[in-house]
Amino acid sequence: MKKRPKGVYCLEIGDWYGSLKKKNSVESVLQLLRESPLEVPYIHRDIATQEELSYYINKWTQQRLDNYPILYLAFHGSPGCIYLYNDKGREKIITTDDFFELLRGSCHKRIIHFGACKVLDINGNTVNKYLRDSGAVAISGYASNVDWVLSSIFEMYYLSELQYNQFTKTGIQAVDNRLHKASLSKELKFKIKIKP
């Protein structure tokens, strides 16, 4: 019997480079995974504001989306922050502290991935607190600035590797071991923190 794929719930900043003419999107990565033999289902939403972030995070934590246990956040970032926009179209910083308040106690058997520069360039104890507070199995992301193309390639690899293991401490550790054999993981300063 074929295992049910682990779906990806992706929230992406809708305007990556401030230009309505350019349309870069990680959705092409998700389409490739869906069309691959892995047949990974996904939900993709372009968002811009904190209100939209709260709305879609609330949707993701509902039981009816348990088949989409991977939260993929494609934003600009800096250490401990992601960037959205306010209602006037100006950049708004959301701290990871504020973000994880939205997820308190609602991420059992789920993984949160920050596809954003430097978000996980923070203290490991802070990430452990987020794991405890949210109940997530793992939190992943980058501790450096990353190239959009290279990170997209790596994220396709990462999301596909997550399909082969259960979302347990042992299962995610096996994924982490495989990922760290890839030189791209080191180059991008990819980190995955697993619930102790």
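Computed values, structure above
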read-out: Subset tally (residues that are of a type in the set (A, V, I, L, M, F, W, C) and surrounded by fewer than 24 Cβ atoms within 10 Å (Cβ to Cβ)) for the range 128-137; value: 2
read-out: Cross-chain or 6+ apart pairs with Cβ under 8 Å, the range 123-152 first and over 23 Å from Asp66 (Cβ atoms), then acidic (Asp, Glu); value: Tyr142/Asp121; Ala143/Asp121; Ser144/Asp121; Leu150/Glu187
read-out: Unmet requirement for Leu159, which otherwise passes all of (1) free of Cβ contacts under 8 Å to residues at least 24 places away in the same chain; (2) surrounded by 15 or more Cβ atoms within 10 Å (Cβ to Cβ); (3) not basic (Lys, Arg); value: (1)
read-out: Matching residues in the range 26-53 - criterion: being surrounded by fewer than 15 Cβ atoms within 10 Å (Cβ to Cβ), small (Gly, Ala, Ser) and more than 20 Å from Asn165 (Cα to Cα); value: Ser28
read-out: Residue under evaluation Ile122, criteria (1) farther than 13 Å from Phe190 by Cα; (2) of a type in the set (Val, Ile, Thr); (3) surrounded by fewer than 22 Cβ atoms within 10 Å (Cβ to Cβ), criterion not met; value: (1)
read-out: The lone exception for Leu150 - which of (1) part of a helix (DSSP H, G or I); (2) surrounded by 14 or more Cβ atoms within 10 Å (Cβ to Cβ) it fails; value: (2)
read-out: Subset of the range 172-187 (residues that are surrounded by 14 or more Cβ atoms within 10 Å (Cβ to Cβ), closer than 22 Å to Leu131 by Cα and either in contact with a Phe, Trp or Tyr (Cβ under 8 Å, 6 or more places away or on another chain) or free of Cβ contacts under 8 Å to residues at least 12 places away in the same chain (or both)); value: Ala174, Val175, Leu179, Ser185
read-out: Conditions (1) touching a residue at least 40 places away in the same chain (Cβ under 8 Å); (2) over 17 Å from Ile153 (Cβ atoms); (3) assigned to a helix (DSSP H, G or I); (4) of a type outside the set (Val, Ile, Thr); number of the one not met by Glu51; value: (1)
read-out: Residue count, the range 25-45 (criterion: hydrophobic (A, V, I, L, M, F, W, C) and in contact with a His (Cβ under 7 Å, 6 or more places away or on another chain)); value: 1
read-out: Which numbered condition Phe100 fails, given (1) under 16 Å from the mean Cα position of the chain (by Cα); (2) over 22 Å from Lys3 (Cα atoms); (3) touching a residue at least 60 places away in the same chain (Cβ under 8 Å); (4) not in a strand (DSSP E or B); value: (3)
read-out: Some residue of the range 37-46 being over 19 Å from Ala136 (Cα atoms), modelled with pLDDT of 95 or more, under 16 Å from the mean Cα position of the chain (by Cα) and of a type in the set (D, E, K, R); value: yes
read-out: Residue ID - modelled with the lowest pLDDT, chosen from residues in the range 66-94 that are in a loop (DSSP other than H, G, I, E, B) and within 19 Å of Leu120 (Cβ to Cβ); value: Phe75
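The values are calculated or read from the model by the stated rules, or taken from the named source; none is laboratory data. Please read all numbers here as calculations on a predicted model, not as lab measurements. Note: ideal-geometry Cβ built from the backbone for every residue, glycine included; neighbour counts use all protein chains shown.
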